[in-house]
Amino acid sequence: MNQLNERSDELRHMIVGMLEYGGRGHLASALSLVEILSVLYDDVLAFRVDEPNWSDRDRMILSKGHGCMALYAVLGDKGFFHRSEFERFCKSEGILGGHPERPKVPGVEASTGALGHGLSIGVGMALSARQEGAKHRVFVIVGDGECNEGSIWEGAMCAAKHRLDSLTVIVDYNKMQSYASTHEVLELEPFADKWTAFGFGVREVDGHDVTALREAFEDLPCEVEKPTVVICHTTKGKGISGVEEDLSWHHKSRVKPEEIAALYEGIGSR
Amino acid sequence: MRATALECVGELAEKDDRVFFIGSDLGQGSAQAFRDAHPDRFFMEGIAEANLIGMAAGFAFEGKIPYVNTIATFLTRRCLEQVAVDLCLHNLSVRLIANGGGMVYAPLGPTHLAVEDIALMRALPNMTIIAPADADEMRRLMPLTVEYDGPIYIRLAKGYDPIVTSDAVPFAIGKALPVRDGEDALVLTTGVTLGPALEAAERLDSGGVSTGVLHVPTVKPLDEQTILEAASSVRAVVTIEEHTIYGGLGSAVAEIMAESRLTGSVRFQRIGLPDVFPDQYGSQASLMERYKITTDHLVSVVKDSVEVQSITVA
């Protein structure tokens, strides 16, 4: 079943636009995130565009910072900054770098890029909210390759110990990392069982099915008094023909005009 | 010094509800008073330093002031990336209280020594580094850490260190403290080597070499003006520290002197650990002796440096 819609295509156009202007980027890693982020910002998260540091906002940390083009597309689309910033992606004077930075980019909660940092930061934010009696929630998006990092599992143990049911980890499980498949580089399976064993409530969804994502994110926590992990089964490079099959799009620099043309062409041709 | 530091954190927590405490797997009963008084702000989160630092960053993003306490080498080497990215890049007001700076854990071997911690922290933008000389100075420092902007690395000695400071010289973060005047030579020191520095200066003075001592508890940001002014009026400058000579106080002073107009007119020497992993156990004192971070060696180096051959120093 094809779950992608016009909104998915529109966001992918913005991402390819950034790649075109910047001449580089982690394209495939961004494309697997598009539906996760659009559902979060369209339907789930509480935020105020004109007040990015509003104290009651839900916190959303993109721990896999290299997927930032998808986040920039959604934040720009919402109006956190002007979409003309896309044209300065990775440029000296731009605010949108190859990894996202706080406070340069309104709406970005933490500078990420070095992997394995976001979950522990999210744990601190969630514990802080609990101590204050605040009701906002914390979402942390991690990559599957990022789960190679031991610090992810340090953070997971800590979240479970504190029964942080206001914290949701979202895994972009596209099953490919930079060198090869997660299976070949460092096997994660039995992945859901690992999270269960670490004390999380676990939910698995098709990470490109906006309806399934919405249902999962609107039903949190999925177990009482436990942090939740939503394992999103995704496809690296999703939604642009030619990218899904080609691992070299994990990160590419010196992208040629003809490649950009093919990318625009490939959007929606599914 | 460590007990005093944790007592102080407890006292700060009484006055300011932004003060949080995060430990790793400290000794039983550590910071018990804090835990009893403020269990909602007390966290003991296990041997997971990367997570401790990330958590602390999360707290600090939300306006809290976390004091993180564990062994110095694990707080610096183990989670250097978290300290650099989570704390320093965001310039968050997290305080790292580092137990056993230097060679305090000598009997436990080189895995537990923190002899390059200052060098590692110095290389990180936004980080402030403070090594108090004794418990009294710790007590003067800690209240100033609440409102200070940005991350602070507080290097502790072992505890029960002799009291060598007084409040005659006002303490301020970022200030070098002139604790003794001298006309011939200047000794710069940080942390517990203030004691040997003062003893050495006393002996040198009585032997005719007038020696000043500038205590530099804040290694970063370095009080360049005070140091260069003091260095400009003597013939020899000698640094002494319980740290490798690469990247610590000696290096910091060398850098600013080399870039000043003093070069050539002042003899400069560093005393500290050479470029080795200490190869013996024993005690902090025995390792200091082995690597000549001592009063005797300091006296000798200063004497040589001022080239006063005819004066007999006791």
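The values are calculated or read from the model by the stated rules, or taken from the named source; none is laboratory data. Not measured: the values here are computed from a predicted model. Neighbour counts run over all protein chains shown; Cβ positions are idealised from the backbone, glycine included. Note: areas computed on protein heavy atoms with side chains; ligands, DNA, RNA excluded. Shrake-Rupley method; radii C 1.70, N 1.55, O 1.52, S 1.80 Å.
For the options B:Ser283, B:Ser260, B:Ser93, a Gaussian network treatment of chain B with springs between C-alpha atoms closer than 10 Å singles out B:Ser260 as fluctuating the most. For the stretch B:55-72, a reduction of at least 10 Å² in accessible area between the chain on its own and the assembled protein chains (probe 1.4 Å) is found at B:Met55, B:Gly58, B:Phe59, B:Phe61, B:Glu62, B:Lys64.
Once the 1.4 Å probe is applied to the protein heavy atoms, chain B comes out at 39 Å² accessible per residue. Note on A:Glu51 and B:Leu26: with the Förster distance fixed at 41 Å, the Cβ-Cβ geometry gives a FRET efficiency of about 0.55. Taking amide H atoms as placed 1.01 Å from N in the peptide plane, the amide H of B:Val19 lies under 5 Å from those of B:Ile65, each 5 or more residues away in sequence or on another chain. Accessible area buried by the pairing of B and A, both sides summed with a 1.4 Å probe, works out to roughly 1900 Å². Where the accessible area of the stretch A:88-192 is counted over protein heavy atoms with a 1.4 Å probe, how much of it, in %, is carbon and sulfur? After summing per-atom areas, the C and S share lands at 52 percent. Distance between the C-alpha centers of the stretch B:196-221 and the stretch B:1-64? Whole Å please. That distance is 36 Å.
Only protein atoms count toward the accessible area here, which uses a 1.4 Å probe; on the stretch B:2-155, the carbon and sulfur part of that area reaches 52 percent.
The label-point distance for B:Lys292 and B:Ser265, in a model that sets each label 7 Å from Cα toward Cβ, rounds to 2.9 nm. Dividing the summed helix terms, -39500 (n - 2.57) for each DSSP H run of n ≥ 4, by the number of residues in chain B produces a 222 nm estimate of -9000 deg cm²/dmol to the nearest 500.
Ordering B:Arg35, A:Arg57, B:Arg78 from largest to smallest accessible area (1.4 angstrom probe), what's the sequence?
B:Arg78, B:Arg35, A:Arg57
Database remark: amide H of B:Arg180 closer than 5 angstrom to the amide H of B:Val213 (H placed geometrically; neighbours at sequence offset of 5 or more, or on other chains; Pro and chain starts carry no H). Counting heavy atoms of the protein chains alone, B:Arg270 has an accessible area of about 100 Å² for a 1.4 Å probe. If amide H atoms are built 1.01 Å from N in the plane of the peptide, which residues on other chains or at least 5 residues away come under 5 Å of the amide H of B:Leu273? Those lying under 5 Å, H to H, from B:Leu273 are B:His243, B:Thr244, B:Ile245. On the basis of the beta-carbon distance and an R0 of 56 Å, A:Ser241 and B:Tyr148 show a calculated FRET efficiency of 0.55. Here the simple spin-label model places points 7 Å from the Cα toward Cβ, and for A:His82 and B:Arg235 these points are separated by 6.7 nm.
Between B:Glu199 and B:Val169, what is the label-to-label distance in nm when each label sits 7 Å out along the Cα-to-Cβ direction? My value for the distance between the label points is 1.9 nm. Taken as Cα centroids, the stretch A:203-270 and the stretch B:131-160 sit 48 Å apart, rounded to the nearest whole angstrom. A simple charge model with +1 on the Cβ of Lys and Arg, -1 on the Cβ of Asp and Glu and nothing else charged puts the dipole of chain B at about 280 debye relative to its Cα centre.
Please report the antiparallel percentage of DSSP beta bridges with both residues in the stretch B:169-314, rounded to the nearest 5. Around 15 percent of the beta bridges assigned by DSSP in the stretch B:169-314 are antiparallel ones.
For every helix of n ≥ 4 consecutive DSSP H residues, a contribution of -39,500 (n - 2.57) applies; sum these over chain A, divide by its total residues, and give [θ] at 222 nm rounded to the nearest 500 deg cm²/dmol.
Counting only the DSSP helices, I get -10000 deg cm²/dmol.
Counting only chymotrypsin sites (Phe, Trp or Tyr not before Pro) that sit in a DSSP loop (anything but H, G, I, E, B) with at most 13 other Cβ atoms within 10 Å, what is the longest stretch of chain B containing none of them?
Here the longest segment lacking exposed loop sites spans B:1-159.
Here the stretch B:177-313 exposes an accessible surface that is 47 percent carbon and sulfur, computed with a 1.4 Å probe and the other protein chains kept in place. What helices does chain B have that are whole DSSP H segments, at least 15 Å long along their own axis by Cα, and with mean Kyte-Doolittle hydropathy of 0.5 or more? Qualifying helices, which must be both long enough and hydrophobic enough, are B:49-61. Here r is the Cβ-Cβ distance between B:Asp304 and B:Ile256 and R0 is 25 Å; the resulting FRET efficiency, rounded to 0.05, is 0.65. What residues from the stretch B:219-242 fall in the zone where the backbone N is under 14 Å from a label point 7 Å along the Cα-to-C-beta line of B:Asp181? Under 14 Å, as judged by backbone N against the label point of B:Asp181, lie B:230, B:233-234 of the stretch B:219-242. Loop exposure criterion: GluC sites (Glu not before Pro), DSSP state outside H, G, I, E and B, at most 16 other Cβ atoms within 10 Å. Applied to chain B, the longest stretch between such sites is B:1-146.
Ordered from highest to lowest accessible area with the whole protein assembly present and a 1.4 Å probe, A:His117, A:His251 read as A:His251, A:His117. Entry note, the stretch B:2-155: relative contact order of 24 percent, from Cα contacts under 8 Å with a spacing of 6+ residues.
Averaged over the residues of peptide A:151-158, the number of Cβ atoms from other protein chains lying within 10 Å of each residue's Cβ is 5. Segment A:His183..A:Ser253, full-extension length gain: 22.6 nm, with 0.36 nm per residue of separation and the alpha-carbon distance subtracted. Give the percent of DSSP beta bridges with both residues in the stretch B:135-235 that are antiparallel, rounded to the nearest 5. DSSP beta bridges in the stretch B:135-235 are roughly 40 percent antiparallel. Once you divide the Cα radius of gyration of the protein assembly as shown by 2.2 N^0.38 Å, the number left is 1.11. Figure legend: label point modelled 7 angstrom from the Cα of A:Gln131 along Cα→Cβ; residues of the stretch B:45-88 with amide N under 13 Å from it are B:45, B:55-69. Distance between the C-alpha centres of the stretch A:82-96 and the stretch A:1-79: 15 Å, rounded to the whole angstrom. Take every Cα pair under 8 Å whose residues are at least 6 apart in sequence, average their separation, divide by the length of the stretch B:25-84, and the relative contact order is 34 percent. Full extension of the chain between B:Asp275 and B:Arg140 yields a length gain of 45.3 nm, computed as 0.36 nm times the residue separation minus the alpha carbon distance.
Rounded if a/c is under 1.5, else prolate if a/b is larger than b/c, else oblate: which is the stretch B:177-313, with a ≥ b ≥ c the root eigenvalues of its Cα gyration tensor? Oblate. Take every pair of alpha-carbon atoms less than 8 Å apart whose residues are at least six positions apart; their mean separation over the length of the stretch A:6-266 yields a relative contact order of 24 percent.
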